[in-house]
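Student: Would you mind keeping the following structure in view while I ask a few things?
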Amino acid sequence: TERDITANLDRAGDWPFDVVQVDDGYQRAIGDWLTTNERFPMGLDALAGRIRDAGHRPGIWLAPFLAAPDSEVARAHPEWLARAPDGSPLVAMFNPPWGGGLDGFMYGLDTSHPEVLAHLEVVAGALVEAGFTYLKLDFTFSPSFDGSYHDRSLTPAQRVRAGFEAVRAGADRAARTTAPDEGAFLLGCGAPLAHVVGVVDGNRIGADVAPSWPVEPTTAPLPGYVESQPSTANAWRNTAARSFMHRRLWLNDPDCIMLRSEGTALDPTAATTWAHAVGVSGGMALVSDDLALLGPDSRRLLDDVTTLGRAADDAARDGDPARAPGLMAAETPERLASAAGALVVEVATGRSRLDPPSRPPER
């Protein structure tokens with residue numbers, strides 16, 4: 001809610017946050033990104049201003065290629081929807097909390113359609129003009145689904161990239177006028193990785209973290225999806241395996257650090273392991289916990305991550321990103337090494353050891 005955002009802004013004064021990003025929950029409907037719901041009465045412009053006045057860069061989440069069946073965009077422009085083989089709108093996502101008229105089933109926009117691309121440019125530009133120069137683009141795999149599209153010559157990869165390029169064009173055009181010194185930052189999420197190289201500034205490189213180390217049995221993953229289910233162990237696997245991508249393809253987003261000690265099944269040892277993994281990787285350090293739940297120990301852990309991360313990131317800028325030695329020797333890497341140190345992880349339990357960085361070889 002808007003109250004959640006402002007309450008955390010009030011607590012964030014001495015925390016080292018550059019960006020404050022509004023996440024899922026502000027929009028009137030999935031697909032209607034420029035209109036807020038009753039939980040956000042101040043509206044987007046005022047909300048961005050409130051974040052900026054607190055000394056942070058405003059960011060916002062959207063799933064630009066999805067539309068709820070009851071959204072204005074889907075009702076007004078049914079021709080913008082990708083189609084299933086039987087001609088019905090292509091279902092590209094299922095998330096029951098979203099509702100949307102079909103109990104959480106969401107339609108995919110046809111990113112091969114020129115009008116859809118123009119719409120995406122307008123939406124991105126309007127969000128940047130409102131003050132949100134950091135855009136997190138989520139569930140962006142949807143244009144890669146099989147279906148019937150306006151331009152049948154495009155491959156799934158080209159459809160995904162066309163959507164991203166439209167968002168990029170609209171965001172950059174608006175930023176040149178409203179934020180020329182800052183520019184627009186695009187964070188990809190849920191994107192087939194190869195499709196967005198060169199068009200995003202940062203990119204999620206793996207599964208969501210969760211308040212547990214293993215995949216929780218209650219989530220009952222579909223067969224074949226266990227490795228992509230939210231869990232901190234899965235986030236570790238991808239962060240280690242894809243650490244070499246950082247500053248070569250984009251800024252790696254390993255997902256958020258888990259700092260809270262309430263409402264979580266992640267024990268302090270595993271939480272520290274994950275925090276150290278983010279730091280040693282050199283990737284983006286993100287916090288999504290309610291700051292009211294975090295005490296001095298949480299702040300000290302974030303400070304450790306920041307120190308480790310800056311050392312690893314500086315080396316990555318110089319062409320020496322973090323690496324996972326023995327990457328091909330095990331299903332899940334057990335070691336991640338960078339200029340910040342070497343993290344050795346017991347994958348089954350989440351326990352770990354952080355060793356100092358090894359000395360560079362003598363020349």
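The values are calculated or read from the model by the stated rules, or taken from the named source; none is laboratory data. What you see is a predicted model; the values in this text were computed from it and never measured. As a convention, Cβ positions derive from the backbone with ideal geometry for all residues, glycine included, and neighbour counts pool all protein chains shown. Areas reflect the complete protein model, heavy atoms only, side chains present, ligands, DNA and RNA absent. Shrake-Rupley method; radii C 1.70, N 1.55, O 1.52, S 1.80 Å.
Student: Could you work out the relative contact order of the chain, using alpha carbon pairs under 8 angstrom and six or more residues apart, expressed as a whole percent?
Tutor: It rounds to 11 percent for the chain.
Student: Measuring from centroid to centroid over Cα atoms, what is the spacing of segment 249-278 and segment 109-130 in Å?
Tutor: Using only Cα atoms to place each centre, the spacing works out to 34 Å.
Student: So, with +1 on the Cβ of K and R and -1 on the Cβ of D and E, and no other charges, what is the size of the charge dipole of the chain about its Cα centre, to the nearest 20 debye? Before the final figure, lay out the partial values.
Tutor: Details: 32 positive and 49 negative charges, 171 e Å.
Roughly 820 debye, rounded to the nearest 20.
Student: Right, next: Helix 2-11 versus the longest principal axis of the chain: what angle, 0 to 90°, nearest 10, using Cα atoms?
Tutor: Relative to the chain, helix 2-11 is tipped by roughly 30 degrees.
Student: Using alpha carbons only, how many degrees (0 to 90, rounded to 10) separate the axis of helix 114-129 from the longest principal axis of the chain?
Tutor: Helix 114-129 and the main axis of the chain meet at about 60 degrees.
Student: Shifting gears a bit: Write out the trypsin sites (Lys or Arg not before Pro) in segment 23-62 meeting two conditions: DSSP loop, and at most 14 other Cβ atoms within 10 Å of their Cβ.
Tutor: Qualifying residues, ordered by number: 39.
Student: Starting from the eigenvalues of the Cα gyration tensor, five times each then square-rooted, give me the equivalent ellipsoid semi-axes of segment 121-196, largest first, whole Å.
Tutor: Working: eigenvalues 131, 30, 17 Å².
Values for segment 121-196, descending: 26, 12, 9 Å.
Student: With θ set to phi - 60° and the Karplus curve 6.51 cos²θ - 1.76 cosθ + 1.60, what are the ³J(HN,Hα) couplings of segment 306-315 in order, to the nearest whole Hz, using x for Gly and Pro?
Tutor: Rounded to whole hertz, the list is 4, 5, 4, x, 5, 5, 5, 5, 4, 5.
Student: For the chain, what does the helix formula give at 222 nm: sum of -39500 (n - 2.57) over DSSP H segments with n ≥ 4, over the residue count, nearest 500 deg cm²/dmol?
Tutor: It comes out at -10000 deg cm²/dmol, rounded to the nearest 500.
Student: Still on this model: Could you sort the peptides 8-20, 281-293 by per-residue average Cβ neighbour count (10 Å cutoff), highest mean leading?
Tutor: Top of the packing list down: 281-293, 8-20.
Student: Test of the criteria: in segment 205-259, which trypsin sites (Lys or Arg not before Pro) are in a DSSP loop and have at most 11 other Cβ atoms within 10 angstrom of their Cβ?
Tutor: In loop regions of segment 205-259 (DSSP not H, G, I, E or B), the sparsely surrounded trypsin sites (Lys or Arg not before Pro) are 248.
Student: Here's another thing I want to ask about it. Out of the DSSP beta bridges found with both residues in segment 45-166, what percent are antiparallel (nearest 5)?
Tutor: 65 percent
Student: Provide the per residue accessible area, probe 1.4 Å, for the chain, rounded to a whole number of square angstrom.
Tutor: Per residue, the chain has an accessible area of 46 Å².
Student: Need one word for segment 133-258: rounded, prolate or oblate. Basis is the Cα gyration tensor (sqrt eigenvalues a ≥ b ≥ c); a/c below 1.5 gives rounded, then a/b vs b/c decides.
Tutor: oblate
Student: Which of the three applies to the chain, rounded, prolate or oblate, going by the alpha-carbon gyration tensor with a ≥ b ≥ c and a/c under 1.5 meaning rounded?
Tutor: prolate
Student: Sticking with this structure for a sec: If you take every DSSP beta bridge fully contained in the chain, what fraction is antiparallel? Give it as a percent rounded to 5.
Tutor: 50 percent
Student: Seen from all sides and averaged, what is the projected area of the convex hull of the Cα atoms in segment 70-116, in nm²?
Tutor: Value for segment 70-116: 3.3 nm².
Student: Next up: Please say if segment 215-363 is rounded, prolate or oblate, where rounded means a/c under 1.5 for a ≥ b ≥ c the square roots of the C-alpha gyration tensor eigenvalues, and otherwise the choice is prolate for a/b larger than b/c and oblate otherwise?
Tutor: On the way: a/c = 1.77, a/b = 1.25, b/c = 1.41.
The shape class here is oblate.
Student: For the Cα atoms of the chain, what angle does the longest principal axis make with the long axis of helix 156-178, in degrees from 0 to 90, nearest 10?
Tutor: 90 degrees
Student: Let me check I've understood the local charge: for residue 1, count other residues with C-beta under 10 angstrom from its C-beta, Lys and Arg +1, Asp and Glu -1. What total comes out?
Tutor: Taking every other residue near residue 1 into account, the sum is -1.
Student: Sort 317-326, 205-214, 149-158 for me by packing, meaning the mean count of neighbouring Cβ atoms within 10 Å per residue, highest on top.
Tutor: 205-214, 317-326, 149-158
Student: Per the 1.4 Å probe, what fraction of the accessible area of the chain, in percent, lies on carbon and sulfur atoms?
Tutor: After summing per-atom areas, the C and S share lands at 52 percent.
Student: Then there's this: With a 10 Å cut-off between alpha carbons and a GNM built on the chain, which of 270, 124, 329 moves the most?
Tutor: Checking each option, the largest mean-square fluctuation is seen for 329.
Student: Averaging the inverse of every distinct alpha carbon separation and then flipping it gives the Kirkwood radius. What is it for segment 269-324, in angstrom units? Kindly include the intermediate steps, with their values, before the conclusion.
Tutor: Working: mean 1/r = 0.0849 Å⁻¹.
Radius from the Kirkwood sum: 11.8 Å.
Student: Still on this structure, please answer the following. HN-Hα J couplings of segment 67-83 from phi, Karplus 6.51/-1.76/1.60, θ = phi - 60°, integer Hz, Gly and Pro as x?
Tutor: 8, 5, x, 9, 6, 5, 5, 6, 6, 7, 9, x, 6, 7, 8, 5, 10
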